[in-house]
Amino acid sequence: MITTTHALGIVAAIALVSAALRFFPALVFRGRETPQSIIYLGDVLPYAIMGMLLVYCLKATPILEAPHGLPELIAVLVTVLLQLWRKNSLLSMVVGTAVYMVLIQLVF
Amino acid sequence: MSKREYFKYVFIKTIPVFTGYTVLGIGFGILLQKAGFGVGMAALMGITIFSGTMQYVGVDLLAGGASLVTSAIVTLMVNARYLFYGLATVEKYKDAGWRRPYMIFGLVDESYAIIVSDDGPEGEDPNKFWFYVTLFDQIYWIVGDMLGVLIGSALPFSTEGVEFIMTALFITIFVDQWRDNKEHIPAVLGVGVSVVCLLIFGPSNFLIPAMIVIAAALLFLKKPIEKRGKMPLKGGDPS
């Protein structure tokens, strides 16, 4: 468990950078042409970063030891297929998580 | 329109966000409680950060005792899309007056979707409507966050594995983005570079090199990607 000061520092860092990103265009680009590369990055970055976050979430999955990431694989597949089929994010999230919890608590 | 009618109108318009944020917020609160934090921390994060994705990642940063620099860089990359929303509302919010700073601070994907398509009740100032949409959405989010902590500490069964909700959230966004767009280079690049960096640098150090390589590679590929003509991309991020 980290210290309270450290925790508050992390929250402050996240809050300040988020706010800076939200205010930056209003403060800097008001009435001026926005640089093409900024528009381009704002467009493609969210897409790439979501892929990175997926890897980040699954980074600690033990592939070499039993159960070789099988619960993760099954739960990921269930979530993907459900999202493709029903297009309901909340449903996919809740069912995918429930499947994962059952798998690691009761099956593996 | 009386105040009561007005707020009722805003509430009805934001019911989809209300449902979504309650579930997402509860998920976040349960994770935060599991990481050893209380209702106060949930409220603080919901008020000051107000970003679903970054609060989920934030629980991980808190649990792992990440440095402030790492936290700041991760936020910069994860929330880069706010630059885009900021750009899109520079013109729109120009007459919002005293409400403007809060509307800029509180702009999330869900509010944005309502704001671009709806000017509120006839004969009323649209800025007032957009302001209350933003405020209502943040209140739903903060209440959901706090509720999650309380539920997390009271659940009668083991919450082992509940952290998968963060993975599931990102999967749903990723699948939606994949389905809505024809250009998949950024998505493939994001996953590919991250896996390679994970193998080289290990689970606790791969994030920053991965982000640098992703940003550099995307800038390097700007011309070829634009030439393919499958842009612009559409979002699909719940906050």
Checklist outcome for this item: Exactly one of B:GLY36, B:GLY20, B:GLY27, B:GLY65 is touching a His at 6+ places or on another chain (Cβ under 8 Å), over 28 Å from A:LEU27 (Cβ atoms) and at the interface with chain A (Cβ under 8 Å from one of its Cβ atoms), and that residue is B:GLY65
Checklist entry - How many of the residues in region B:193-205 are in a helix (DSSP H, G or I) and at the interface with chain A (Cβ under 7 Å from one of its Cβ atoms)? => result 3
Checklist entry - Restricting attention to region B:60-97, and to residues there that are of a type in the set (Ser, Thr, Tyr) and under 20 Å from the mean Cα position of the chain (by Cα), which single residue is farthest from B:ILE30 (Cα to Cα)? => result B:THR89
Checklist entry - Listed residues A:HIS68, A:HIS6; which is out of contact with any Ser or Thr (no Cβ under 7 Å at 6 or more places or on another chain), in a helix (DSSP H, G or I) and surrounded by fewer than 21 Cβ atoms within 10 Å (Cβ to Cβ)? => result A:HIS6
Checklist outcome for this item: If you go through B:PRO186, B:PRO224, the only one that is under 25 Å from A:TRP85 (Cα atoms) and out of contact with any strand residue (DSSP E or B) (no Cβ under 7 Å at 6 or more places or on another chain) is B:PRO186
Next on the checklist: Against the definition (more than 10 Å from chain A (Cβ to nearest Cβ), farther than 14 Å from A:LEU8 by Cα and without any contact (Cβ under 8 Å) to a residue 40 or more places away in the chain), how does B:ALA96 come out, yes or no?
Outcome noted: yes
Item to check | Subset of region A:51-78 (residues that are in contact (Cβ under 8 Å) with a residue 40 or more places away in the chain and among the aromatic types (Phe, Trp, Tyr)) | outcome: none
Checklist entry - Hey, which of the helices (runs of 4 or more DSSP H) in region B:26-133, taking only ones fully inside, have at least 3 residues that are buried (at least 18 other Cβ atoms within 10 Å of the Cβ)? => result B:39-48, B:52-63, B:68-78, B:81-89, B:109-117
Item to check | Check on B:GLY152, over 29 Å from B:LEU31 (Cβ atoms), touching a helix residue (DSSP H, G or I) at 6+ places or on another chain (Cβ under 6 Å), touching a residue at least 40 places away in the same chain (Cβ under 8 Å) and crowded, with 18+ Cβ neighbours inside 10 Å | outcome: no
Checklist entry - Looking at this structure, is B:GLY190 within 11 Å of another protein chain (Cβ to nearest Cβ) and on the phi > 0 side of the Ramachandran plot? => result no
Checklist outcome for this item: For B:GLY144, the lone unmet condition from (1) assigned to a loop (DSSP other than H, G, I, E, B); (2) modelled with pLDDT of 95 or more is (1)
Checklist entry - Could you count how many residues in region A:1-38 are more than 7 Å from every other protein chain (Cβ to nearest Cβ) and aliphatic (A, V, I, L, M)? => result 6
Next on the checklist: Going through B:ILE165, B:ILE185, B:ILE208, B:ILE214 one at a time, which residue ends up being among the β-branched types (Val, Ile, Thr), farther than 24 Å from B:LYS34 by Cβ, in contact (Cβ under 8 Å) with a residue 24 or more places away in the chain and at the interface with chain A (Cβ under 7 Å from one of its Cβ atoms)?
Outcome noted: B:ILE214
Next on the checklist: If I go through region A:34-50 residue by residue, how many of them are among the small types (Gly, Ala, Ser) and either under 19 Å from B:VAL90 (Cβ atoms) or in contact (Cβ under 8 Å) with a residue 60 or more places away in the chain (or both)?
Outcome noted: 2
Checklist entry - Do any residues in region A:79-108 that are touching a residue at least 24 places away in the same chain (Cβ under 8 Å) and within 8 Å of chain B (Cβ to nearest Cβ) have Cβ atoms under 8 Å from those of residues that are surrounded by fewer than 17 Cβ atoms within 10 Å (Cβ to Cβ) and outside any helix (DSSP H, G or I), where the two are at least six apart or on different chains, and which pairs are they? => result A:ILE104/B:GLU160
Item to check | Exclusive hit being at pLDDT below 95, touching a helix residue (DSSP H, G or I) at 6+ places or on another chain (Cβ under 7 Å), over 28 Å from B:ILE200 (Cβ atoms) and among the aliphatic types (A, V, I, L, M), set A:LEU106, A:LEU90, A:LEU54 | outcome: A:LEU90
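The values are calculated or read from the model by the stated rules, or taken from the named source; none is laboratory data. Keep in mind it's a predicted model, so treat the numbers as computed, not measured. A quick note on method: Cβ atoms are made from the backbone with ideal geometry, for glycine too, and the neighbour counts reach across all protein chains shown.
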